Every structure is written in C-alpha cells, then in structure tokens.
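Visitor: Dumping the structure here so I can ask a few things about it.
The values are calculated or read from the model by the stated rules, or taken from the named source; none is laboratory data. A quick note: this is a predicted structure, and the numbers were derived from the prediction, not measured. A quick note on method: Cβ atoms are made from the backbone with ideal geometry, for glycine too, and the neighbour counts reach across all protein chains shown. Surface accessibility is based on the protein's heavy atoms, side chains included, excluding ligands, DNA and RNA. Shrake-Rupley method; radii C 1.70, N 1.55, O 1.52, S 1.80 Å.
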Amino acid sequence: MDPDLSDLTEQIALDPTQFIGIPLALVGAVFLSLGAQFQHRGVVKVEAQTVDTLGKGLSGKQIALLLARPSWVLGTLMLGLAIVFQLSSLYFAPLIVVQPLGAIALVITSIINSRVAKVKLNRNTIIAIAMCVGGVFLFVGVAAFTAVTKPVTDRQLYVILGILAIVLLAAGAAFVLFRARIRAVFYVVLAGVLYGFVATLAKVIIGQIEQGDFDWLTVLCVIALLAGTGLGAYFVQNAHASGPPDLVIAGLTVVDPIVAVAIGIVVLGEASQAPPWAMVTFIIAGAIAVWGVFLLARNHPQTRV
C-alpha cells in the first residue's frame, strides 16, 4: 500500500514560508547594529558631561540628558525599527530560527566601532567575535530545517511568566546589592536574558492574536513584555556607559537568542521534531557562542576592567 502523503507531510518540519523571516531578521540586525552605535555615542557624551557612575547605574539626570542627545534619540529610533523587523520575522518563522540571526549585528558593530573609535581589534577579540557569530550561525543552520511552530497553551504561558518573574526579581536584587561592583558584562548578560524573554513573549502574543485568543493571560504577557523591555533597556544604557558597543551587541545577539531558544525548545516545543544529532549541535553551538561573549568582555581593547 502506498504511504499516506498527508501523514508524511506532517512529519516534515521544514515549512518554506518560514524562510521569509530570515531576510527580515537580517535587516533588523543592521538596524540593531547602527542603533547600538548611535546610542553608545550618546551615552558616552552624557557621561563626559556628568559625574562618572561606572558600576552604579545611570542617574535620573543622566537619563533625562540622554533624551536631549540627537545621537541617542536616532539610535533609539533605529532600535525601534529593528524591533519592527524582528517581530515581522517572528510572524513567519519559529523563534529558534530567526532570533539568533541578530548575531550579524555583532560583525557590523565591531567594524563600525573600530573605525569610529580608531581602535584596532586585537587577535583575541577577533577570535571571540568569530566564536559568537560562528556558534550562532551553526545553530541557525540546523534550526532552519528542523524547527516547527506550535500553538501555545495556557500552561506554557504560566511557565514562561513564572520564570520571567523570578528573573526580574533576581536582576533587581543583584543590581541593588552589588551595583558598586557591577561592570559591563553584568549589564550585557542581564539585558540579554531579559530580551530573550521579551522575544519569546512577542512570539507568544503574535500566536495568540493569530488564533483569536486574546484573553487576560495575553494581556498579562503584554504587561510582562513591557516590563522586561523597560528594565532591559536600562541595563543596555548602563552597559554602554561601561563597555564598548560591540560588547553590548554581543550580549544582545548571543545571550538573548540563547535564552529565547532555550524557552522555544524546552517550553514551546519548537525542536520537538529535531533528531538527536541536532539537539547535540544546538548545545555545542550555544556553548561556543556564549563563551565567545565572555572572551570578548575579557579581551576587547575598550572594555573597562
């Protein structure tokens, strides 16, 4: 008897329409890179005019001054465009396919920043950047052919929101207790973790709207998304104040997708059809990329220690 073609189709994870999300994510990465560069310029100028708050977080006065800096405002607008393209890419493709593609912004930012700051990247820094980008693209190369999008259940939403609540409390406590000893990598990692949840919640909200299931739980997701975005943005500005823009981008384009991808795999089941070898590749690629971020923080010529 001939196999049932409809059953066979359901076994195939590859959906041609999800590839539409890839170019959208790449355009978003370009805006992310340029936005980070302009924001960094604005933060540096504001810090030069005020008391250095390295390790203590930007003050309310400094944040108000940022709003008056044209470079910072332009950078923020570009980051807004990056978010629009990212959300568009999430509409077409699974989270674990498009979210890591922001790593291309790390390459663009590193090149631009080295020219603007007239700082030559050393060998260890170049190796670290290669590890970040190589690990992420290895991940995406496998995920693009194995990932699937599934409807989100209420139970999954409760799990995501519960974990995010714990992360927000832990981040706030760590900032209050250890702010005098905080350096750029702390802000970078925390911002990356928070934005990983933001991307996940954005994907969830898009799915709920598509399903016509916009209930109170979805509204709670919107509130959590806004809270995560706000706190993450504050951490990003502090990272700009204490480290180079390519380190900031490394955190946002490596830590962010690692968190989002972990949620996508463990909670949302987007890798449920991936073979065992793909799961092993995901772990190895993620470890390479994350280690690259810490090497970049340690070896970048502009990182404050």
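Visitor: What is the Cα radius of gyration of segment 119-186 over 2.2 N^0.38 Å, N being its residue count?
Guide: Against the empirical 2.2 N^0.38 Å value, I get 1.71 for segment 119-186.
Visitor: Still on this model: Suppose the chain between ARG115 and ILE127 were pulled fully straight at 0.36 nm per residue; how much longer would it get relative to their current alpha carbon spacing?
Guide: That works out to 2.5 nm of additional length.
Visitor: Compute the accessible area per residue over segment 231-271, keeping the other protein chains in place, probe 1.4 Å, unit Å². The partial results should precede the final answer.
Guide: On the way: 660 Å² over 41 residues.
So segment 231-271 comes to 16 Å² accessible per residue, rounded to a whole number.
Visitor: Okay, moving on. Could you work out [θ]222 nm for the chain from helices alone, using -39500 (n - 2.57) per DSSP H run of at least four and dividing by all its residues? Round to the nearest 500 deg cm²/dmol.
Guide: Per the formula, -24500 deg cm²/dmol.
Visitor: Mind pulling the angle between the C-alpha long axis of helix 70-92 and the longest principal axis of the chain? Nearest 10 degrees, somewhere in 0 to 90.
Guide: The angle comes out near 10 degrees.
Visitor: Rg/Rh for segment 158-305 to two decimals, with Rh computed the Kirkwood way over all alpha-carbon pairs. If you can, show how the numbers build up before the last one.
Guide: Details: Rg = 16.4 Å, Rh = 16.3 Å.
My calculation puts Rg/Rh at 1.01.
Visitor: Can you give me the angle between helix 123-143 and the longest principal axis of the chain, using Cα atoms only, in degrees from 0 to 90, rounded to the nearest 10?
Guide: Around 20 degrees separate the two axes.
Visitor: Sequence gap of 8 or more, or different chains, plus Cα separation below 20 Å: how many lysine pairs satisfy both in the chain? Walk me through the intermediate numbers first.
Guide: Values: LYS45/LYS56; LYS45/LYS61; LYS45/LYS118; LYS150/LYS203.
Number of lysine pairs found: 4.
Visitor: Which value results when the Cα radius of gyration for the chain is divided by 2.2 N^0.38 Å?
Guide: 1.01
Visitor: If amide H atoms are built 1.01 Å from N in the plane of the peptide, which residues on other chains or at least 5 residues away come under 5 Å of the amide H of GLU270?
Guide: ILE265
Visitor: Then there is this: Quick one: angle between helix 104-116 and the longest Cα principal axis of the chain, in degrees between 0 and 90, rounded to 10, please.
Guide: Computed tilt is about 20 degrees.
Visitor: For LEU217 and LEU169, FRET efficiency with R0 = 22 Å and r from the beta-carbon atoms, rounded to 0.05?
Guide: Efficiency, rounded to the nearest 0.05: 0.60.
Visitor: Where Rh is the Kirkwood radius over the Cα pairs of segment 97-211, the temperature 4 °C and the viscosity 1.567 mPa s, what D in µm²/s does Stokes-Einstein return?
Guide: The calculation lands on 76 µm²/s.
Visitor: Accessible area of the chain with a 1.4 Å probe: how many percent of it is carbon plus sulfur?
Guide: The value for the chain is 72 percent carbon and sulfur by accessible area.
Visitor: Now a separate question. Using the heavy atoms of the protein chains and a 1.4 angstrom probe, tell me the accessible area per residue for segment 100-141 in square angstrom.
Guide: Roughly 47 Å² per residue, with all protein chains present.
Visitor: Over the chain, calculate the relative contact order: mean separation of alpha carbon pairs under 8 Å at least 6 apart, over the residue count, as a percent.
Guide: That works out to 29 percent.
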